[in-house]
Amino acid sequence: MAPTVAIIGAGFGGLCMGIQLRKAGITTYTIFEKAGGLGGTWRDNTYPGAACDVPSHLYSYSFEQRHDWTRRYPRQQEILAYLEHCADKYGLRPHLRLNTEVTAVTFDESLNRWRVTTTEGDEGLFDVVVSGVGQLNRPRLPDIPGLSTYQGTAFHSARWNHDHDLTGRHVAVIGNGSSAAQFIPRVARVARRLDVYQRTPNWVIPKPDGEYGPRARLVFKRFPLIQSANRERIYRFIEGVVFPVLVGGWSRRLLMKRAQDHLEQQVHDPELRAKLTPSYPIGCKRIVIDSDFYPALTRPNVELVTDPITRIVPSGIETAGGTTREADTIIYATGFQTTDFLAPIEITGREGRRLHEVWKGGAEAYLGVAVPYFPNLFLLYGPNTNLGHNSIILMIEAQVRYIMGCLPLLSAHGPMEVRQATMDAWRRTLDQAMARTVWEASCHSWYKNAAGRVTNNWPQPTTVYRRITQAPRPEAYTYH
């Protein structure tokens, strides 16, 4: 008898899980999605210029490659359309429960099944729960006094207010990461004034973007092996050249030199260039890949503000020294609550263990997928599976393949739970690998929790992760 599966989230992870279940002939699954549409982060982030910094031919499922990407780096609209296409092609629509937020997941030890509760008060029993909520789905507002006193229009970049026309306005942007680097050039073109508040500069490298014209798209369509070869070329280049940057390899100096040259070529003012020069190793924070960000900061209507923000006032922003800069619009480009995995869902496992209490020292999971005391609960894009160099789709597919390999084991032996000894050994292995990465440097990044532990990133090449998740080891688990 096929297991019943609850999938939480209809982004890349949740949809991939649904597709593979359907391919295996398992149709007893439900995809819960709190929003009114699928797509996850690519549904939410609709700010001007929203795009991916991974090449399009690699930012897609290996089993569903798209030949007609219009650009080397895909934009939000095309990625969302791709996911909509996948949902239609693989028949996922009947399994989707949109506008249905999961609030609690509780393991019933008397039944050896999970109770899934939604905001509507509905409750269902499932053999398996798969979390596909991701790491970049809950916007984070900065902890700045006075946020509620502001009398202008304010919104987070991941909840862009398209009804608010920025033309001719005095706009303040708090934050300068990857999202900000994409929308700041667009805002600068229409705003009367734009103040960009920077806490820490980022390393920025140029984005070798460009169009795939009709001829190129036709070639990819008629000769799919050419596209597959291009995908493999991109993958091997990133693994062989970009990953070594993160572990102090030979290419770190080359990439840092590339970033420095990019800054010098685009910013001629030495004072502004000094403000934009990081003091930490490249790769410690997420590297920004963009060719339009620096030129936007040199426009006469744009000012880079590096004075620390002390508070938000009704008319704008006050910085250290008592200077107040007025603004009729504030855009928070302050990232996401990345280290609170699965929050705010209340997940309770065996013996009444609550996941947020188990993880109070930092989220962790065996292979980023399984947690002791939580049988038949599997995570996609869980702790320590984010990448600083490659396509997260590669990791998601590896995790889904691993979970599919677990289903015959739990069907044959009962609910499977990763052993604590397995988890402890995994933690030691992970810590040893993490110690060699640039993320352990002193810079502040969204990869770390409040205690400074790197809970988000995978510290080795993707080839290693894909190998160790090829198939589950039955002895790593205990069965109930």
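No value in this document is a laboratory result; all are computed from the given coordinates. Given the structure is predicted, the values throughout are model-derived calculations rather than measurements. Here the Cβ is made from the backbone with ideal geometry for all residues, glycine too, and neighbour counts use every protein chain on show.
Structural remarks
- Nonlocal amide H pairs with VAL173, under 5 Å, H built at 1.01 Å: ASP195, VAL196, TYR197, ILE331
- Check: the range 31-166 dipole with +1 on Lys, Arg Cβ and -1 on Asp, Glu Cβ, in debye: 380
- Taking Cα centre as origin and charging only the Cβ of basic (Lys, Arg, +1) and acidic (Asp, Glu, -1) residues, the dipole magnitude of the range 1-76 rounds to 100 debye.
- Acute angle (nearest 10 degrees) that the helix 224-237 long axis makes with the longest principal axis of the chain, alpha-carbon atoms: 70
- Amide H to amide H, with H built 1.01 Å from N, THR103 comes under 5 Å of THR117, THR118, THR119, counting only residues 5 or more places away or on other chains.
- Relative contact order (%) - criterion: Cα under 8 Å, at least six apart; region: the chain: 20
- Approximate spin-label separation ARG215-ALA104, in nm, with each point projected 7 Å along Cα-to-Cβ: 6.3
- Toward the positive end of the charge dipole of the chain, with +1 on the Cβ of Lys and Arg and -1 on the Cβ of Asp and Glu, the farthest Cα among ALA24, MET1, HIS356 is that of ALA24.
- From most to least packed by mean Cβ count within 10 Å, the peptides 34-46, 123-135, 60-72, 172-184 give 172-184, 123-135, 34-46, 60-72.
- Ordering of 98-109, 8-19 by packing is 8-19, 98-109, highest average first (other Cβ atoms within 10 Å, averaged per residue).
- Adding -39500 (n - 2.57) for every DSSP H run of four residues or longer, then dividing by how many residues the chain holds, sets the calculated 222 nm ellipticity at -9000 deg cm²/dmol.
- Over all Cα atoms in the range 177-327, the spread is summed up by Rg and Dmax: 19.4, 64 Å.
- By the Cβ rule of 4.7 Å, the chain holds the following cysteines without a possible disulfide partner: CYS16, CYS52, CYS86, CYS406.
- The range 191-236-the range 40-55 distance, computed between alpha-carbon centres (Å): 13
- Evaluated over the chain, the count of Lys pairs having alpha-carbon atoms less than 29 Å apart is 20 (only pairs 8 or more residues apart or interchain).
- Shown in residue order for the range 257-262 are the 3J(HN,Hα) couplings computed by the Karplus curve 6.51 cos²θ - 1.76 cosθ + 1.60 at θ = phi - 60°: 5, 4, 5, 5, 5, 4 Hz (x for Gly and Pro).
- FRET efficiency for the THR429 to VAL241 pair, using the beta carbon distance and R₀ = 22 Å, is estimated at 0.30.
- Dipole of the range 345-459 computed with +1 at Lys/Arg Cβ and -1 at Asp/Glu Cβ about the Cα centre; of ALA412, GLY368, LEU380, farthest Cα towards the positive end is GLY368.
- Additional length obtainable on full extension of the chain from ARG71 to THR119, 0.36 nm per residue less Cα span: 13.3 nm
- Read-out volume of the Cα convex hull per residue in Å³, derived from the coordinates shown; its label in [x] 156; [y] 127; [z] 283: [x]
- ³J(HN,Hα), Karplus 6.51/-1.76/1.60, whole Hz, each residue of the range 314-319, x for Gly, Pro: x, 9, x, 10, 9, 10
- Calculated FRET efficiency, ALA343 to ASP307, Cβ-Cβ distance, R0 = 41 Å: about 0.80 to the nearest 0.05.
- Dipole-positive endmost among ILE330, VAL400, THR319 within the range 308-407 (Cβ charges, Cα centre): VAL400
- Net charge dipole, the chain: roughly 1340 debye, given to the nearest 20, about the Cα centre with Cβ charges of +1 for Lys and Arg and -1 for Asp and Glu.
- The phi-based Karplus calculation (6.51 cos²θ - 1.76 cosθ + 1.60; θ = phi - 60°) puts the 3J(HN,Hα) values of the range 202-210 at 10, 6, 10, 10, x, 9, x, 7, x Hz, whole numbers, x for Gly and Pro.
- TYR29 long-range amide H proximity, modeled H, under 5 Å: VAL5
- Relative to the longest principal axis of the Cα atoms of the chain, helix 76-89 runs at roughly 20 degrees.
- The chain: angle of helix 178-190 to the longest principal axis, Cα-based, in degrees nearest 10: 40
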